[in-house]
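Have a look at the structure below, then the notes.
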Amino acid sequence: MLRDPAQRPALLHQVSTVACAVEAASFVPPAVLDWAALCDVLEFRVDVCPEAGDDVLTALREAVPAATLITVRRPDEGGQNNLDDTRRARLYERYLPVADMVDIELRSLPDFSWLVRDARAAGVLTVASVHDFTATPDEATLHGLIRSARQHGVDALKIAATLHSHDDLFRLLRLLDLPDRPPLSLMGMGPLGKMSRLLLGHHGSILNYGYLDRPTVPGQWPAARLKAVLAELKSS
């Protein structure tokens, strides 16, 4: 785990960062994985397997060389197992000691301001996230999301939107040109998802999500392939 405060902000701003979601039920022993080729960040979706035992915590704490991103997703933004806020809060508290980053939905922040405070005290970065599984918000709404993220004092904002046209994609792309913007993780879902993740990642989106075993949303790349292609684009 990358607990050095000097390393984490640099990692957060890396264009080629890839976060890999993996379920505890299919957790592969870290020793057999080539983490350097797979990803810089391992996202652990705690909501997928909230009953995971201490063996998973031990693996995250001791054996995973990648930075760890902890997510306990709310049900109406794609979370599984219908976890209420009380259960989610307990899980965030449990996993915070093994986190380098935590992801909490922007709309959850009024009830989870303590998580931002406790994460900051522990030297853990906070990523506020927004997921739209039907469309891409209009420009005014997107700018409002950025203002809200700033007000809540998070370290980065993630926006995942469903793309129906190239105009939707370019609307996300233009956010990366905003002056004084916070670090943004932007990605499209749906038929234009794969193209969007290359374009947005190449132009400055952070935390570009791939998968280890199977996609979690339409438009994801295999983690190792996404990391390699983004690195190739950056070097060309």
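Observations, loosely collected:
- Residue-wise HN-Hα coupling along segment 157-169, computed from phi with Karplus coefficients 6.51, -1.76, 1.60 (Hz; x: Gly, Pro): 10, 10, 10, 10, 10, 7, 9, 10, 7, 5, 4, 4, 4
- Share of carbon and sulfur in the accessible heavy-atom surface of segment 82-236 [1.4 Å probe, %]: 53
- Couplings 3J(HN,Hα) for segment 38-44, derived from phi with the Karplus relation 6.51 cos²θ - 1.76 cosθ + 1.60 (θ = phi - 60°), are 7, 5, 9, 10, 9, 8, 10 Hz, where x marks Gly and Pro.
- Based on protein heavy atoms only, segment 116-223 ends up with 43 Å² per residue of surface accessible to a 1.4 Å probe.
- Couplings 3J(HN,Hα) for segment 188-196, derived from phi with the Karplus relation 6.51 cos²θ - 1.76 cosθ + 1.60 (θ = phi - 60°), are x, 10, x, x, 8, x, 5, 4, 4 Hz, where x marks Gly and Pro.
- Close amide H partners of THR126, meaning residues 5 or more places away or on another chain with modelled amide H under 5 Å apart, are VAL102, ASP155, ALA156.
- Under 5 Å, built H, 5+ apart or other chain: amide partners of SER185: LEU157, LYS158, ILE159, ILE206
- If the segment from GLU93 to ALA231 were pulled out straight at 0.36 nm per residue, it would be longer than the present Cα-Cα gap by 46.2 nm.
- Remark on LEU163: its backbone amide H falls under 5 Å from those of MET189, LEU192, a criterion applied only to residues 5 or more positions apart or on other chains, H modelled at 1.01 Å from N.
The values are calculated or read from the model by the stated rules, or taken from the named source; none is laboratory data. The model shown is predicted, which means the values in this text are computed figures rather than measured ones. SASA here: full protein model, heavy atoms, side chains in, ligands and nucleic acids out. Shrake-Rupley method; radii C 1.70, N 1.55, O 1.52, S 1.80 Å.
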